[in-house]
Amino acid sequence: MGILEQMKAMSVKGQPRVQTTRDRSTCSASQIMVSPCLQGDISHCVETTVPQVQLPEDILHQIHALMPLRDAAQAACVSRGFLRSWRCFPNLIISIDSLGIKENETNNDEIKSDFICRVGHIIQNHSGMGVKRLIIQTYPWSNIHPSYIDSWLRDAITPGIKEIEISMLIYGGIKYNFPGSVLSSSEIRSSIQIFLLAECSFHCAAQIGCMSSLKKLNLHSVHITGEELYGFLSNSCALEQLRITNCNDIICLKIPCLLQKLYILDVLGCSKLEMIDSNAPNLSTFFFSGHPIHISLGDALQLRKISFSRYNSPDALYYASIKLPFIAPNLQTLVLSTSDETVNTPKAFGKFIQLKYLEIVVSTSKFSQDYDLCSLISFLDASPTLQSLTVRIAQPTIRRDSVIKDSSGHSRPQCFQEQCHDNLKNVMITGFCSAKSMMDLTISIIEKTKALECLTLDTTRGHRRFAKIDKCRQMNKEALAEATKALNAIQRYVEGRVPPGVNLKVIEPCSKCVC
């Protein structure tokens, strides 16, 4: 009988089956375990005759605490020391993976019942003391009754716990409302440092009380209003990181000035959000993705990094160029993403005085054919200390203004900079195309960037990271034809302008790029 079956049998009465040392010599590791009746005495179990190194119990507990849940339970089956440690095991990570349940079997109600039974036995046979980390993930079931979750939380959330993660799956199933009663103890609230909720309601947030040690709060697809969240944040003065994703009940997100330690704020995909009003004085990193809203970050003098993605907006880059220099005057890293741009980027009203790294990501699914790519040069004019520029065209741009079709050739770029740039060293353009405005942008960078060391022109869609392997993004026939034009344009209009000291890298499609 394997470890999971034995865990399921934790509360079964009766004497466990005992194997002799001779029997064990022919069994696998998963077969030598006795039934872990944690409430009884296992002194009658036959000990192995192999000499054992005796370690202090506190060392055994430290070793045990580093084991995954299944290994820790297995060790508790064959060692009295580990068995005592199991009742204070600090990391209760409950999921189909930790319990060894295969996902292709999970459509069966019997498997779901087995999952509930196993978790119940694990929680019941743990003393509840010593839990530092509790993670409960109900995927792939959306209809586990809330009473089971409530029971598990009441037994596992005890004083001293540091991390709580509850990730439900709501897909036409039973909706779960996180019970504030499990956090009623001030001893519990004062120990929690990480709190993550997903796919549930948290309407009791404002009544929870002081969370004096909470450093990281992550809410994903949680039903909570802006007022409820503000009440919770006002009681979490130690908070350092706040991430809010797809919380569609929030209309106004207010961050109180009491959050003196908050340095990371992520707000992603909240469909009803209309305003972000932050008064956190030491914010250093801000990520935003969503539709156009009003953003106020107070006196964000410590803000060093912004990732800004605005969809269903024809002027995301326009907004960034005229607003962000004043919202974050000391910005050093800026990542901009857009998909619906139709308004050319104007000359910036302010300066990114300290900006060192700029990345602009353009998805061309709705990108205007008439957008002047060379207007992006305004970001260079506004960033005198910029050292690295990356422009990513998510799909190869098929433009009607290709320089290859222009019999008149290519002359001086219209977006020519009035002043030189003294610090820009590395430039990469992914999804490089043969559009005239792309040539204008590239030539302007070459001719007015004195410190340029490396120029990379990638005519493909770049690479994607999947399963720790870099793979080319696939390209259809039309995109491959445009890549050929882009290579031709580089040879005609770019290569001859590159100074001898600049390393020009041209990336072209390979066999893996073909759909």
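The values are calculated or read from the model by the stated rules, or taken from the named source; none is laboratory data. This structure is a prediction, so every number in the text was calculated from the model and none was measured. When we count neighbours, we look across all protein chains shown, and the Cβ atoms used for this are built from the backbone with ideal geometry, even at glycine. For accessibility, only protein heavy atoms count, side chains too; no ligands or nucleic acids. Shrake-Rupley method; radii C 1.70, N 1.55, O 1.52, S 1.80 Å.
Out of (1) more than 30 Å from Lys162 (Cα to Cα); (2) outside any strand (DSSP E or B); (3) open to solvent by less than 20 Å² (accessible area, probe 1.4 Å), what's the single condition that is false for Ala280? It fails just one condition, (1).
Hey, could you check segment 232-259 for residues that are of a type in the set (Val, Ile, Thr) and outside any loop (DSSP other than H, G, I, E, B) and say which is most open to solvent (accessible area, probe 1.4 Å)? Can you show your working first?
Of the residues in segment 232-259, the ones of a type in the set (Val, Ile, Thr) are 244-245, 250-251, 255.
Still in the list and also outside any loop (DSSP other than H, G, I, E, B): 244-245, 255.
Working: Ile244: 1, Thr245: 18, Ile255: 2 Å².
Of everything passing the filter in segment 232-259, Thr245 is most open to solvent (accessible area, probe 1.4 Å).
Looking only at residues of segment 207-227 that are open to solvent by 40 Å² or more (accessible area, probe 1.4 Å), in contact with a helix residue (DSSP H, G or I) (Cβ under 8 Å, 6 or more places away or on another chain) and over 18 Å from Thr158 (Cα atoms), we find that the one that is modelled with the highest pLDDT is Glu227.
Select from segment 319-348 the residues that are open to solvent by 10 Å² or more (accessible area, probe 1.4 Å), in a loop (DSSP other than H, G, I, E, B) and of a type in the set (Gly, Ala, Ser) and list them in ascending order. Correct list: Ser339, Ala348. Could you grab me the full set of residues in segment 283-318 that are among the polar types (S, T, N, Q) and open to solvent by less than 50 Å² (accessible area, probe 1.4 Å)? Correct list: Ser284, Thr285, Ser289, Ser296, Ser307, Ser309, Ser313.
If you go through segment 443-458 one residue at a time, how many are touching a Lys or Arg at 6+ places or on another chain (Cβ under 9 Å) and at pLDDT below 95? So the count comes out to 6. If the condition is being assigned to a helix (DSSP H, G or I), loosely packed, with under 15 Cβ neighbours inside 10 Å and touching a helix residue (DSSP H, G or I) at 6+ places or on another chain (Cβ under 8 Å), then segment 483-515 contributes only Arg497.
Looking only at segment 191-203, which residues are farther than 21 Å from Ile93 by Cα and crowded, with 17+ Cβ neighbours inside 10 Å?
Here is the first cut: in segment 191-203, the residues farther than 21 Å from Ile93 by Cα are 201-203.
Hits for segment 191-203 are Ser201, Phe202.
If the condition is being acidic (Asp, Glu) and at pLDDT 70 or above, then segment 412-442 contributes Asp422, Asp440. Taking Phe352 as the residue in question, decide whether it is in a helix (DSSP H, G or I), of a type in the set (Phe, Trp, Tyr) and at pLDDT 80 or above. No; evaluated as a whole, the condition is false for this residue. Evaluation of Asn312 against the conditions (1) in contact (Cβ under 8 Å) with a residue 60 or more places away in the chain; (2) at positive phi shows that the sole unmet condition is (1).
Out of Gly462, Gly409, which single residue is modelled with pLDDT under 80, more than 19 Å from Leu376 (Cα to Cα) and surrounded by 14 or more Cβ atoms within 10 Å (Cβ to Cβ)?
Numbers: Gly409 fails: surrounded by 14 or more Cβ atoms within 10 Å (Cβ to Cβ).
Going through Gly462, Gly409 in turn, just one is modelled with pLDDT under 80, more than 19 Å from Leu376 (Cα to Cα) and surrounded by 14 or more Cβ atoms within 10 Å (Cβ to Cβ): Gly462.
Taken together, Arg133, Arg154 contain a single residue that is basic (Lys, Arg), more than 27 Å from the chain's Cα centre (by Cα) and open to solvent by 70 Å² or more (accessible area, probe 1.4 Å), which is Arg154. Of all the criteria given as (1) open to solvent by less than 40 Å² (accessible area, probe 1.4 Å); (2) touching a Phe, Trp or Tyr at 6+ places or on another chain (Cβ under 6 Å), the one not satisfied by Leu169 is (1). Of the residues contained in segment 356-376, one or more are found to be in contact with an Asp or Glu (Cβ under 9 Å, 6 or more places away or on another chain), open to solvent by less than 70 Å² (accessible area, probe 1.4 Å) and either at pLDDT 95 or above or assigned to a helix (DSSP H, G or I) (or both). Among the numbered criteria (1) in a strand (DSSP E or B); (2) over 15 Å from the mean Cα position of the chain (by Cα), which single criterion is violated by Leu303? The single condition Leu303 does not satisfy is (1). Answer yes or no as to whether Leu262 is within 23 Å of the chain's Cα centre (by Cα) and assigned to a loop (DSSP other than H, G, I, E, B). So Leu262 fits the description; yes.
Taken over segment 260-276, the criterion of being exposed (fewer than 15 other Cβ atoms within 10 Å of the Cβ) and over 16 Å from Glu227 (Cα atoms) is satisfied by Gln260, Ser271. The number of residues in segment 430-443 being surrounded by fewer than 24 Cβ atoms within 10 Å (Cβ to Cβ) and closer than 13 Å to Ala483 by Cβ comes to 1.
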